[in-house]
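Quick notes on the structure that follows.
Quick note: the coordinates plus some simple rules give every number you see, no bench work behind them. Bear in mind that the values here come from a model prediction, so they are computed numbers and not experimental data. Note: ideal-geometry Cβ built from the backbone for every residue, glycine included; neighbour counts use all protein chains shown.
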Amino acid sequence: MIDVRGLSKTFEDRKRGKIEAVKSISFEVHKGEIFGLLGTNGAGKTTTLRMLATILQPTAGTAVVAGHDVSAEPAKVREHIGYLTGDTNLYTRLTPREMLTYYANLFGLSKADRLAAIERVAKRFGLDEFIDTKIGKLSTGQRQRTSISRAVIQQPELMIFDEPTAGLDPISARHITEFIREGRSGGVTLLFSTHYLREAENLCDRIAIMHDGEIKATGTLAEILSQTGTEDLEQAFFSLADPQAAAAT
């Protein structure tokens, strides 16, 4: 579903000059799997996901998503994905129902399909209790559930989520993690970023550990532990992302 080869992104900053946010990374995401990008804030995870979602243009390298090149065929890529940004960025003057109706129309759903899709996501993410409340009055968890509903309203075959549970209460986080597992059962492919070790360990079929714009290791949990000679994901992560701290412990 995703084939990344030598993907890089460099930004220009007036004070700091060139900033290499992503440095020639390569990895694959297989159909029907949950693949996690694990790394600290600033590791390059969000930039990577934005390139795959065609929001940012790569500086170098290639990425093919659902059979389409992100640079040459961005519109085709967007037809196949549901993208959840790290910022909910919702229209606060609309209600969740109004916003979902708007996005369903953008995807060309008929009236019957639109109503069925809104009912489906409202039931799945527990939106019914606040679906007609202005988004500006919703809690963080309610906004995140609304945001994910927007991202999957068209039932995409590939979902790209940027830290979907960050800052959420346990109930809202559980709604999302259960949905991720259900998607895999239904054959949906999911790529998501996280800085939560337990989340990556519990959800992912395969993991890429990312640090300072580079992929340090990729594989199943067992493969990463074998590569690093460690006993758990926390030890493996620190041995790759912060060797000095790992050595001190």
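If you take all other residues with their beta carbon under 12 Å from the beta carbon of GLY67, and give Lys and Arg +1 and Asp and Glu -1, the sum is -3. The modelled label-to-label distance between ASP242 and ALA116, using points 7 Å beyond Cα along the C-beta direction, is 5.0 nm.
Relative to the longest principal axis of the Cα atoms of the chain, the long axis of helix 111-124 makes an angle of roughly 60 degrees.
By per-residue mean of other Cβ atoms within 10 Å, what is the highest-first order of 66-72, 14-20? Walk me through the intermediate numbers first.
Details: 66-72: 16.0, 14-20: 8.7.
By packing density, highest mean first, the sequence is 66-72, 14-20.
In the chain, taking the dipole from charged Cβ atoms about the Cα centre, the farthest positive-side position among TYR91, THR47, THR220 is held by TYR91. The helix-only estimate of mean residue ellipticity at 222 nm for the chain, built from DSSP H runs of length n ≥ 4 each weighted as -39500 (n - 2.57), is -11500 deg cm²/dmol after division by the residue total.
Dipole of the chain, Cα-centred, from +1 at each Lys and Arg C-beta and -1 at each Asp and Glu C-beta, to the nearest 20 debye?
Values: 30 positive and 32 negative charges, 193 e Å.
Magnitude of the dipole: close to 920 debye.
DSSP finds beta bridges in the chain, and of those with both partners inside it, around 55 percent are antiparallel. Sites count as exposed loop sites when they are chymotrypsin sites (Phe, Trp or Tyr not before Pro), lie in a DSSP loop, and have at most 16 other Cβ atoms within 10 angstrom; the longest stretch of the chain without one is 1-90. Comparing GLY229, ALA166, LEU191 along the charge dipole axis of the stretch 164-233, the residue lying farthest to the positive side is LEU191, per the Cβ-charge model.
For the stretch 60-193, rounded, prolate or oblate, judged on the Cα gyration tensor with a ≥ b ≥ c (square roots of eigenvalues), a/c < 1.5 rounded, else prolate if a/b > b/c? Since a/c reaches 1.5 and a/b is larger than b/c, the shape of the stretch 60-193 is classed as prolate.
Give the total of Lys-Lys pairs in the stretch 2-248 with Cα-Cα distances below 19 Å; include a pair only if its members are 8 or more places apart or on different chains. Here the count comes out as 11. Charged neighbours of TYR91, selected by a Cβ distance under 14 Å, balance to +4 (K, R count +1; D, E count -1). With both labels modelled 7 Å from their Cα along Cα-to-Cβ, the GLU98 to GLN235 distance reads 5.5 nm. Can you compute the label reach from GLU129? Point 7 Å from Cα along the Cβ direction, backbone N cut-off under 20 Å, restricted to the stretch 81-110. Counting only backbone N, you get 95-98.
Of the trypsin sites (Lys or Arg not before Pro) found in the stretch 62-114, those in coil by DSSP whose Cβ has at most 14 other Cβ atoms within 10 Å are ARG93.
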